[in-house]
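Below is one structure, written out as structure tokens; the observations come after it.
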Amino acid sequence: MYTTELKDKNQKSVTPVAAPEDPERLAAFEARVAADDFIEPKDWMPDAYRKTLVRQISQHAHSEIVGMLPEGNWITRAPSLRRKAVLLAKVQDEGGHGLYLYSAAETLGTSREEMIEALHSGRAKYSTIFNYPTLTWADIGAIGWLVDGAAIMNQVPLQRTSYGPYARAMVRVCKEESFHQRQGYEIMMALAAGTGAQKRMAQDALNRWWWPSIMMFGPPDENSPNTAQSIRWRIKRETNDELRQKFIDVTVPQAEAIGLTIPDEALKWNAERGSYDYGAIDWDEFYAVVRGEGATAKERMQARVKAWEDGKWVRDAAAAHAAKRQVREAAE
Amino acid sequence: MNKVWPLWEVFIRAKNGLSHRHAGSVHAADAKMALEAARDTYTRRMEGVSLWIVPSAAIVASDPGDAAELFEPAADKVYRHPTFYVIPDNVKNI
């Protein structure tokens, strides 16, 4: 799963120039990233670079963690033991991906507690995609195929992002992610080849998840003020629109192959561009979801906070047990 | 004065972008001297750009005798691998 870096609309964009006290260091830094060198935790870096990364990596981590909720919703109702084992393994992976990413963010000087607090208080963002409900089993197929498919499209270039710990986390994530997309497509394939009702269920899921999935790549380039800076610093390696187009181009034939229809009447192959043209995206909806409007967003945060609070006795017990063991070992 | 110097584990980052990898260990009286000794012992031929020194006593290692119970449960979960899912040849990029 992935989140593109989101900012509140009224938030000022990152200042492209670092503190004036370090022009030489800044020049050296810029030269290093321009030469595709990796930046490591103890290297000097401009404040804005650090802040952008903390925001992007922590949002990415939050997305993995919140992303467990819509799919976890179907674990007990998976249609077979095989599907259940697979979904369980996938949700477990998402939790792991969140942990890799929190660790990468911590190397920049933020703490796990600060990040979790920012998520629970609503200050931190996570991918808008998880604020949609999972209504039917086909939604689990659509999420694996489309949401994880979009995530892979985003994350593959991030394996070469300029910040070493983030890039290494992405290598692990990408390696594990491929099964997520294939199991989702397999679910869709089975439903599309099933009874009329099953096929309608698959089509309905595609209808509801298509637009949110292509919105996952974030606002259009002309409306994405930080993209140029992030690309210059090699934090991002491709723009939102480039990645969105790539995703559409590979996904449309996959839908056709199983007899499903992409819910976009303007979708048309453009032979000149060698790409699909697609219809206008409803960005008002996107920003409403970013702001956390809607019942599902509230449900997600309530579920997160509840899990954290319900787990308190476990954290307390672990601390008490460790203290007791320390006393015992000291006595020996 | 007959105190045995503690053991330190040495990790080297070959170049930026790669993680630190274990290279070996050194004996030294303190962390700073361990770093100097590691530099002299393990990086005489441009082996790396960064060193981590960790007190050997601080490393918690699993017991090889527990390997089966720790790692075997993953063996029958082939569905964690992408090749478990059969996708027709005409479907590309997945």
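Overview of results
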read-out	value
Length gained when the stretch B:His20-B:Thr43 is fully extended (0.36 nm per residue, less Cα-Cα span)	7.0 nm
Using a Förster distance of 41 Å, the FRET efficiency for A:Val250-A:Glu117 (Cβ separation, nearest 0.05)	0.60
Protein-only accessible surface order, largest first, of B:Tyr79, A:Tyr278 at 1.4 Å	A:Tyr278, B:Tyr79
Chain lengthening between A:Ile231 and A:Lys175 when straightened (0.36 nm per residue, less Cα-Cα)	17.8 nm
For the protein assembly as shown, calculated [θ]222 nm from helices alone, where every DSSP H run of n ≥ 4 adds -39500 (n - 2.57)	-17000 deg cm²/dmol
Centre separation in Å (Cα based) which lies between the stretch A:208-257 and the stretch A:310-332	47 Å
Chain A - percent of accessible surface contributed by carbon and sulfur, probe 1.4 Å	56 percent
Calculated from backbone phi, Karplus (6.51, -1.76, 1.60) coupling profile of the stretch A:67-77 in Hz, x at Gly/Pro	x, 5, 6, x, 7, x, 3, 10, 4, 6, 10
Surface/4 estimate of mean projected area, convex hull on alpha-carbon atoms of the protein assembly as shown, nm²	27.2 nm²
Rounded, prolate or oblate (a/c below 1.5 giving rounded, otherwise prolate when a/b exceeds b/c) for the stretch A:15-136 by Cα gyration tensor	prolate
Of A:Val314, A:Trp233, A:Pro220, farthest towards positive along the dipole that unit charges on Lys, Arg, Asp, Glu beta carbons give the stretch A:194-332	A:Val314
Solvent-accessible surface (1.4 angstrom probe) belonging to A:Asp43, in square angstrom, nearest 10	40 Å²
Restraint check, A:Lys90/A:Lys312; A:Lys175/A:Lys199; A:Lys90/B:Lys77; A:Lys42/B:Lys15; A:Lys246/A:Lys268, Cα-Cα greater than 19 Å	A:Lys90/A:Lys312; A:Lys175/A:Lys199
Computed lengthening from A:Glu309 to A:Asp43, 0.36 nm per intervening residue step minus Cα-Cα distance	92.0 nm
A:Leu108 accessible area, 1.4 Å probe, all protein chains in place, Å² to nearest 10	10 Å²
FRET E, pair A:Ser103, A:Gln198, Förster distance 56 Å, beta-carbon r, rounded to 0.05	0.85
Accessible surface, chain B, averaged per residue in Å² (probe 1.4 Å)	74 Å²
Area of B:His27 that stays accessible when all protein chains are in place (1.4 Å probe, Å², to 10)	100 Å²
HN-Hα J in Hz across the stretch A:194-201 - Karplus 6.51, -1.76, 1.60, θ = phi - 60°, x for Gly and Pro	x, 5, x, 5, 5, 5, 5, 5
Spherically averaged projected area in nm², based on the convex hull that wraps the Cα atoms of the stretch A:197-285	7.0 nm²
A versus B: buried accessible surface, summed, Å² (probe 1.4 Å, to nearest 100)	1900 Å²
Rough spin-label spacing in nm, given labels placed 7 Å along Cα→Cβ, for B:Ala57 and A:Ala320	3.1 nm
B:Val91 paired with A:Ala28, simple spin-label distance in nm, labels 7 Å along Cα-to-beta-carbon	5.2 nm
DSSP loop trypsin sites (Lys or Arg not before Pro) with at most 15 other Cβ within 10 Å: longest gap in chain A	A:161-272
Accessible carbon and sulfur surface of chain B relative to its total accessible area, %, 1.4 Å	58 percent
Probe 1.4 Å, protein heavy atoms only - accessible area per residue of chain A in square angstrom	46 Å²
Column: log10 I(q)/I(0), Debye, Cα scatterers of the stretch A:117-194, q = 0.23, 0.27 Å⁻¹	-1.05, -1.13
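The values are calculated or read from the model by the stated rules, or taken from the named source; none is laboratory data. Small disclaimer: the values here were computed from a predicted structure and weren't measured. Glycine gets a Cβ as well: all are built from the backbone with ideal geometry, and neighbour counts include every protein chain shown. Ligands, DNA and RNA are excluded from the accessible area calculation, which covers all protein heavy atoms including side chains. Shrake-Rupley method; radii C 1.70, N 1.55, O 1.52, S 1.80 Å.
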